[in-house]
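Below: one structure, written as structure tokens.
The values are calculated or read from the model by the stated rules, or taken from the named source; none is laboratory data. Just so it is clear, the structure is predicted and the values come from calculations on it, not from any experiment. Neighbour counts run over all protein chains shown; Cβ positions are idealised from the backbone, glycine included. Quick note on the areas: whole protein, heavy atoms, side chains included, nothing else; ligands and nucleic acids left out. Shrake-Rupley method; radii C 1.70, N 1.55, O 1.52, S 1.80 Å.
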Amino acid sequence: IMQGKKSNYESDLFAPIINFIEEVSGKSCGELETNDISIKTIADHSRAVTFLITDGVLPGNEGRGYVLRRILRRASRYGKLLGINEPFLYKVCGKVIEDLGTAYPEIVAARDSIIKATEGEESRFLETLERGLNILDEEIKTLKQKNKRVIPGSIAFKLYDTYGFPLDLTSDIIKTQGFTVDEEGFNTEMEEQRFKARGAWK
């Protein structure tokens, strides 16, 4: 309000980060709503990633580490929607550190850890992202022909287990086409895998 802006994304806390994402992607806010969503989400998520890693959280498969992994992968996928096909989020995190480092010196001290963890996670995810998206596209085509609008839990689980797609990422991707995920089926597959893992461990 004091800066005369209509949203926090227009304020001086976000504007430099958004400008940087526009430079990296070659896309601008205000042109297409889909680009606006992607750019703003990346700006938001890059700040979250920066502070989570500073606080000692690293990408993982459980607890807060999984929350960080989901945030990173969601931002990476939005980057792909902007036409970015290489790791880039670590650069945006660098911009966050540059802009907010004076107020939060701890993020400057953690810079190397932030850049290394973010770039590593992005690189691993991008290796499987394309293949996962192709599987999802084929499934959507098949379901459309059958006049169905629900992705089976088994497919969602395969995307999670083999290609590293968190369930909410799959839901995000298909939502724009009017599809939903059979979450109950996904949870059944997940529980079955846990049961097998417990048996193997014993």
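Express the relative contact order of region 1-134 as a whole percentage, based on alpha carbon pairs under 8 Å and six or more residues apart in sequence. Don't skip to the answer; put the middle values down first.
On the way: 148 pairs, mean separation 33.1, N = 134.
Relative contact order for region 1-134 comes out at 25 percent.
Can you spot the lysines whose alpha carbon is less than 18 Å from Lys148's alpha carbon? Ignore those fewer than 8 places along the same chain.
Lys175
Please compute the net charge surrounding Phe20, taking Lys and Arg as +1 and Asp and Glu as -1 over other residues with Cβ under 11 Å from its Cβ.
On the way: positive: Lys91, Lys95; negative: Glu22, Glu23, Glu98, Asp99.
So the environment of Phe20 carries a net charge of -2.
What percent does the relative contact order of region 76-152 come to when contacts are Cα pairs within less than 8 Å and at least six residues apart?
Numbers: 40 pairs, mean separation 22.6, N = 77.
Relative contact order for region 76-152 comes out at 29 percent.
How big is the equivalent ellipsoid of region 43-149 along its three axes, where each semi-axis is √(5λ) from the Cα gyration tensor, reported in whole Å from largest to smallest?
Values: eigenvalues 200, 37, 26 Å².
Ellipsoid semi-axes (Å, largest first): 32, 14, 11.
Please compute the net charge surrounding Ile173, taking Lys and Arg as +1 and Asp and Glu as -1 over other residues with Cβ under 12 Å from its Cβ.
Numbers: positive: Arg73, Arg74, Arg77, Lys80, Lys175; negative: Asp137, Glu139, Asp168, Asp172.
For residues surrounding Ile173, the net value is +1.
Which pairs, out of Lys6/Lys40; Lys80/Lys144; Lys27/Lys91; Lys27/Lys141; Lys40/Lys80; Lys144/Lys196, put more than 26 Å between their alpha-carbon atoms?
Numbers: Lys6/Lys40 14 Å; Lys80/Lys144 24 Å; Lys27/Lys91 16 Å; Lys27/Lys141 29 Å; Lys40/Lys80 14 Å; Lys144/Lys196 33 Å.
In this structure, Lys27/Lys141; Lys144/Lys196 exceed 26 Å between Cα atoms.
For region 127-160 and region 3-29, what is the separation of their C-alpha centers, rounded to whole Å?
Here the two parts' Cα centres lie 33 Å apart.
In Å², what does the accessible area per residue of the chain work out to with a 1.4 Å probe?
Values: 11490 Å² over 202 residues.
That works out to 57 Å² per residue.
Roughly speaking, to the nearest percent, how much of region 6-79's 1.4 Å accessible area is carbon and sulfur?
Carbon and sulfur atoms account for 49 percent of the accessible area of region 6-79.
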